[in-house]
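Nothing in this text is a laboratory measurement; each read-out follows from the coordinates by a stated rule. Since the structure is predicted, the reported quantities are computational estimates derived from the model, not experimental observations. Note: ideal-geometry Cβ built from the backbone for every residue, glycine included; neighbour counts use all protein chains shown.
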Amino acid sequence: MLKPKKKITKKEIKEDKLVTTYFEATTWYETNKKIVNGILVGVVVLAIVIVAYMNNVTANNVKANTELGKVIPYYDQGKFDVAIGGNLQENVRGLQSIVDDYGSTNAGELAKFYLANAYFAQNDYEKALKYFLSVSVSDDLITASALAGAASCYEAKSDYAKAASMYEKAAFKSTKDVNAAENMFHAARNYLTSGNKEKAAELFKKVKKEFPTSVVAREIDRWIAQASV
């Protein structure tokens, strides 16, 4: 007499699937072991590289910050040659050297700003413009100042349209910037010089409305009239 077939439970079905899946996975791993191990090694190596890079960036930022602190007194004293090139006798690295070696760090980005200002003070507008445009910081005030610096370079090179555009960007970059009114005024003035009277009049009126107590607003009606002719 035939015995009735044993009823397979759901638990046994699940266990069977797990066993099957396990053996399939094991077989796949054995077949692709070299690839898998290679990927795992690659991930580990990448992680090590990233950690090493971050540690290196942090260390370089500390170094750049230290060197920047040594050279800034020369900058503040208006000794721009020394500020740019450094003072070997005093073991002070110049801003150019700091930027060249640590330009990608936070302190290095700040050094770019000082370097650009130093070159501008020496009337080297090409180099000043190069570094003003390359400044990349999270601080809106410094960014606005760098944009205004670039605008000053364009104006010195008689490229009034670009100067106006840069001054305008600087004016709207930060509402907390004490130079916002002045930058807006200079933007308008350069638009006027470049022949864009409509834009100039718009910004002159904006200065009058939004910064009525600013120094540049004292004779703003005369400028508005000039742009409206």
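Annotation for Glu210 and Gln226: the two label points, set 7 Å from Cα along the Cα-Cβ direction, are 2.1 nm apart.
For the residue pairs Lys176/Lys205; Lys127/Lys208; Lys176/Lys209; Lys112/Lys173, alpha carbon separations beyond 25 Å are given by Lys127/Lys208. Taking other C-beta atoms within 10 angstrom as a stand-in for reagent exposure, Glu198, Glu210 fall in the order Glu198, Glu210, fewest first.
Rounded to the nearest whole Hz, the Karplus-based 3J(HN,Hα) values (6.51 cos²θ - 1.76 cosθ + 1.60, θ = phi - 60°) of region 128-140 follow the sequence 4, 4, 4, 7, 4, 6, 8, 5, 9, 10, 7, 7, 5, with x at glycine and proline.
With both labels modelled 7 Å from their Cα along Cα-to-Cβ, the Gln122 to Ser158 distance reads 2.5 nm. Backbone amide hydrogens, once placed in the peptide plane, bring Val92 within less than 5 Å of Asn87, excluding anything fewer than 5 places away on its chain.
What list do you get for Phe204, Phe185, Phe172, Phe211 if you sort them by fewest beta carbons within 10 Å?
Phe172, Phe211, Phe185, Phe204
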